[in-house]
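Here's the structure, in structure tokens; my notes come after.
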Amino acid sequence: MNTERWRQIEGLYQATWERDAAERAAFLDEACAGDEELRREVESLLAADEQAKESEGFLNQTALQVAAQALAGDTARSLVGRKIGRYQILSLLGIGGMGEVYLAQDPRLGRKLALKFLPQEFTRDRRRVQRFKQEARAASALNHPNIITIFEIDQINDVHFIAAEFIDGQTLRRRLKCGAAPLSEALDVSVQVASALAEAHAAGIAHRDIKPENVMLRCDGYVKVLDFGLAKLIESLSTGQPSSNSEDSSPRDFHSDPGMIIGTPRYMSPEQIRGMQIDARADIFSLGVVLYEMVAGWTPFDGVTAGEVVAAILNHEPPPLEHYVRDVPAEFTRIVRKALARDREQRYQAAKDMLIELKNLKLELDLADKLKQTGQAAPRHEAVDLQPTVENVMSKLPRSYSAPAADAHADLEPVGGAMPLGSKYYILRGADDEFRAAIARQDSVVLIKGARQVGKTSLLARGLQQARAAGAKVVLTDLQKLNASDLASAEAFYLALAGLIADQLDLDVAPDAVWNARRGPSINFERYIRREALGKISAPLVWGIDEVDRLFTCGFGSEVFGLFRSWHNERSLDPAGPWERLTMVIAYATEAHLFITDMNQSPFNVGTRLTLEDFTLSQVADLNERYGSPLKDDSEVGRYYRLVSGHPYLARRGLQEMVVRSRDLTALEAIADRDDGPFGDHLRRIVASLDQDPALCDVARGILRGQPCPTEESFYRLRSAGLFAGASARDVRPRCQLYATYLEKRLL
Amino acid sequence: MTTPSSQGITQLLLAWSDGDQAALEKLTPLVYAELRRLAKGYMRGERHGHTLQTTALINEAYLRLIDWKNVRWQNRAHFFGVAAQLMRRILVDFARSRHYARRGGGAQQVSLDEALTIHEDRSAEIIALDDALKSLAEIDPRKSQIVELKFFGGLTVEETAEALKTPQRTVEREWNLARAWLYRELRGKDEH
């Protein structure tokens, strides 16, 4: 078509276009005057105009939009359900600046993993890919619990991907969207990130892109750092030079370096912005930014545009943390400021140094916290005095209880705490049989849980005795014996625990001798147990852990439970493995449930559970006989049973009181609910623990007035703590008459 | 205020228009990064039905790439032209590589490329449009330029008018005709 003809068409088209649809035909008739081709041309263009206007996509969007939609369409619909190499793609996990990540199944090993596909524009240059692979392989050799495990770096055709451990959790970025983190959480996360960095730096690998998007928080509390070395792929691309061999330390002109605006400069160190050669200290700066952001809720160097952020990093001091949070410890501020020093010579020179200071601070704060808690609710320490530990009981083995009585009361034992192994007052319950069977089967995990003073420790001692009699090696660690500094960090805890075990089993190699600071504490502990304990002892090992509820308030508690669970799981996967010979018996008080508001946090969901039931009426009658029948007849036994229900401690304590003080049942009933009475200590303690949660106190008041529990959760907590009994929130009552009277007196 | 980064892009754009091919290498990843950001927005938007959000994302993306509003460039019109050309070049390359990949660049068993095949391939639309635009340029270079500025460069009618030193009304009329012509060229062909 020549230009002149096109002008003619255009003129006529525009003239027709301006007219109403009704007039157009007549207008064209006249204007075309027999030139049918001209008419057809204009008419078809007018028709096309109508259609184009209505066509949603066509030219009514920009090319960038269309391309992005093409990309989105591919991503959303494409890979899921497909098989890539041997991997079955299950779902899309996310899209980031560095590509798309899918959840996939590896049928060969039967495990789930994450597949990260690298964008093709980063992988076109073969040499660049080569360099990246070297880096990534070096990073994948890092073996650290806080660094994501890389299984494989490979390609299919020209699509490159990384197969890595699947992390069930969320990124720190997403976590921060719910608001700033409390100091303890921020410290916990940063300690783990610093630990990962220390490991990588020791291997000569810098991360170069530490930011909340690259930090995953796994559901069990582990923090995992992602994408080591990946940043280099982008960097070398945008600077157009292999940064790994770059000797050039002169400032790079940020203004002409568009690579800088990939992602965000918010976490970049001044030297990174200036384009200088960077080292491990750049990661320390970035971690400082993340640490600040976690606590403040804002990054320290902020701005609307990348330019403003860059200017802030290069020239400004961050706003003091006190602007965002009250009561920031001076030490915390000092650590953050040191990490954020503009001059890298002024920063921590190694991640390890920062790690130590972070850990120390965490330890101090945890300690202060503990002191505050004990100051408020002292009962635990009273309890220690009252409760002989299992070890005391075990050490008295095999003292039998048949010594002739010198006087009438000489064979009465103090009531409370573990009962001597030969005690004639020990009543066998269902849990005893179950426990015995579990020990005989060599179950991997046995859980003994119950409210305070229902006989957990006594049961534990008997199970261990039985195991020892059957030829097993027996270890008992009572967490009550650990001091606060042992519970300050996972590291300290595992070391203390390993120390106790080494002592009792008389192991040759001390834990410190094989503890490797570059490994995580749980790895160290696991290796120690596997190699030095299980590896050197041929008999089955039964390990009792008492007072495990002490771990519930530790930040690393879930990590410990996670480790124990993993042993249990490994044992079921590999029945011939080292864990086959280990039986763990874990005892803890369910009172802790009063304070665990999230019921899903239950520390264990594996193993054989033993629940200590209250005594039955006939067991109380049996006990009465063993005490020489202070209860005169069945009707008195019935009355007594209503008073204390079958509560193991109360039942024994009351009978002993009657024997020692020569009281009859009526006299006992008269002083039962008094603070200076025989049950006073016990009763005061339950109210003290209830007092710590005013909302739960209100619920308890309601129940005493005959109302149901408002929620299943409060019902569950009150029942776990042993204060109330019943089948459901609607059917709930005080556990025994004594509790009812005392609670009414104190709460209503 | 102009950001250093957009200034950086400005300089790269000019270097490219002066024939520096290395500048294109450096600009491409930036556009791709924006593309992925947008794609992510679309996926979220599709799931939640927010189209407004993605419109905002598009504006933001152009703003980040080529900070029109803040360019204090003596020859703004020239700058617009260069930027639109560049976007066309990069986006068409992008579409071609995806399209090629889909049509079986590699032919081994079950390839990732095959797996990527989808029914509606919008990247083909960009390639076809690029071709059609070349034909349009032969008979009416100015309309082709209007489409390049608006479609590839993401300019508004006002900005296009400024770039071409033409009244807005004229731009609108010419845009309408160009769109109809292209539509007939592309969709019309499908129907026959």
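The values are calculated or read from the model by the stated rules, or taken from the named source; none is laboratory data. Just so you know, these numbers come straight off a predicted model, no measurement behind them. Because the Cβ atoms are built from the backbone with ideal geometry, glycine has one as well, and the counts that use them run over all protein chains shown.
Residues considered: B:Leu91, B:Leu38, B:Leu86. Of these, the only one that is modelled with pLDDT of 65 or more, under 22 Å from B:Lys134 (Cα atoms), within 11 Å of chain A (Cβ to nearest Cβ) and crowded, with 19+ Cβ neighbours inside 10 Å is B:Leu91.
Taken together, the residues in the stretch A:54-66 that are part of a helix (DSSP H, G or I) and within 8 Å of another protein chain (Cβ to nearest Cβ) amount to 4.
If you check A:Leu507 against the conditions, is it aliphatic (A, V, I, L, M) and either buried (at least 20 other Cβ atoms within 10 Å of the Cβ) or not assigned by TED's automatic domain parsing to the domain that holds A:Met584 (or both)? In short, no. Can you find, within the stretch A:548-557, the residue that is farthest from A:Ile439 (Cα to Cα) among those that are touching a Leu at 6+ places or on another chain (Cβ under 9 Å) and either outside the structural domain of A:Arg530 (by TED's automatic domain parsing) or in a helix (DSSP H, G or I) (or both)? Taking the candidates together, the pick is A:Thr553.
Residues that are outside any loop (DSSP other than H, G, I, E, B) and in contact with a strand residue (DSSP E or B) (Cβ under 6 Å, 6 or more places away or on another chain) within the stretch A:139-155 comprise A:Ser140, A:Ile147, A:Ile150, A:Phe151, A:Glu152, A:Ile153, listed in sequence order. Residues of the stretch A:513-524 that are in a helix (DSSP H, G or I) and surrounded by 12 or more Cβ atoms within 10 Å (Cβ to Cβ): A:Val514, A:Pro521, A:Ser522, A:Ile523, A:Asn524.
Every listed requirement among (1) in contact with a Phe, Trp or Tyr (Cβ under 6 Å, 6 or more places away or on another chain); (2) assigned to a strand (DSSP E or B) is met by A:Cys709 save one, (2).
Being at pLDDT 80 or above and touching an Asp or Glu at 6+ places or on another chain (Cβ under 9 Å): is that true of A:Arg39 here? In short, yes. One residue stands out among those in the stretch B:118-162 that are within 30 Å of A:Lys116 (Cβ to Cβ) and more than 8 Å from every other protein chain (Cβ to nearest Cβ): the one that is modelled with the highest pLDDT, which is B:Ile127.
Scanning the stretch B:148-168 for residues that are touching a residue at least 60 places away in the same chain (Cβ under 8 Å), out of contact with any Ser or Thr (no Cβ under 9 Å at 6 or more places or on another chain), part of a helix (DSSP H, G or I) and not acidic (Asp, Glu) yields one hit, B:Ala163. Taking each residue of the stretch B:129-142 that is under 20 Å from A:Gln61 (Cα atoms) and looking for partners that are not in a helix (DSSP H, G or I) with beta-carbon atoms closer than 8 Å, six or more apart or interchain, yields B:Leu129/A:Leu59. Among the residues of the stretch A:560-585, those that are surrounded by fewer than 19 Cβ atoms within 10 Å (Cβ to Cβ), touching a helix residue (DSSP H, G or I) at 6+ places or on another chain (Cβ under 9 Å) and outside any helix (DSSP H, G or I) comprise A:Asp574, A:Gly577.
Contact annotation: residue pairs with Cβ atoms under 7 Å, 6 or more positions apart or on different chains, pairing a residue in the stretch A:651-676 that is within 22 Å of A:Phe615 (Cβ to Cβ) with a partner that is among the β-branched types (Val, Ile, Thr) and buried (at least 19 other Cβ atoms within 10 Å of the Cβ), are A:Ala651/A:Val620; A:Ala651/A:Val644; A:Arg652/A:Val415; A:Arg653/A:Val415; A:Gly654/A:Val644; A:Gln656/A:Val415.
Among the residues of the stretch A:183-214, those identified as within 27 Å of A:Leu367 (Cα to Cα) and of a type in the set (A, V, I, L, M, F, W, C) are A:Leu183, A:Ala186, A:Leu187, A:Val189, A:Val191, A:Val193, A:Ala194, A:Ala196, A:Leu197, A:Ala198. Of the residues making up the stretch A:144-161, those that are within 14 Å of another protein chain (Cβ to nearest Cβ) and either crowded, with 18+ Cβ neighbours inside 10 Å or of a type in the set (Asp, Glu) (or both) are A:Asp154, A:Ile156, A:Asp158, A:Val159, A:His160, A:Phe161.
Here A:Phe435 passes the criteria (1) outside any helix (DSSP H, G or I); (2) surrounded by 19 or more Cβ atoms within 10 Å (Cβ to Cβ) except the one numbered (1). Total residues in the stretch A:1-36 satisfying the condition of being among the hydrophobic types (A, V, I, L, M, F, W, C), part of a helix (DSSP H, G or I) and within 14 Å of chain B (Cβ to nearest Cβ): the figure is 5. For A:Glu491, the stated conditions hold: it is within 25 Å of A:Ala368 (Cβ to Cβ), surrounded by 18 or more Cβ atoms within 10 Å (Cβ to Cβ) and of a type in the set (Asp, Glu). Based on what the data block shows, is A:Ser714 free of Cβ contacts under 8 Å to residues at least 40 places away in the same chain, assigned by TED's automatic domain parsing to the domain that holds A:Tyr742, hydroxyl-bearing (Ser, Thr, Tyr) and part of a helix (DSSP H, G or I)? Criteria met by A:Ser714.
Annotation: of all residues in the stretch A:635-672 being modelled with pLDDT of 90 or more and among the acidic types (Asp, Glu), the one that is surrounded by the fewest Cβ atoms within 10 Å (Cβ to Cβ) is A:Asp664.
Of all the listed residues (A:Asp74, A:Asp49), the sole one being at the interface with chain B (Cβ under 7 Å from one of its Cβ atoms) and modelled with pLDDT under 80 is A:Asp74. Taking the stretch A:37-46 as the range and being of a type outside the set (A, V, I, L, M, F, W, C) and more than 8 Å from chain B (Cβ to nearest Cβ) as the test, the residues that pass are A:Glu37, A:Arg39, A:Arg40, A:Glu41, A:Glu43. Please indicate, with yes or no, whether at least one residue in the stretch A:530-550 is under 22 Å from A:Lys362 (Cβ atoms), of a type outside the set (Asp, Glu) and buried (at least 17 other Cβ atoms within 10 Å of the Cβ). Yes, the stretch A:530-550 contains at least one residue that is under 22 Å from A:Lys362 (Cβ atoms), of a type outside the set (Asp, Glu) and buried (at least 17 other Cβ atoms within 10 Å of the Cβ).
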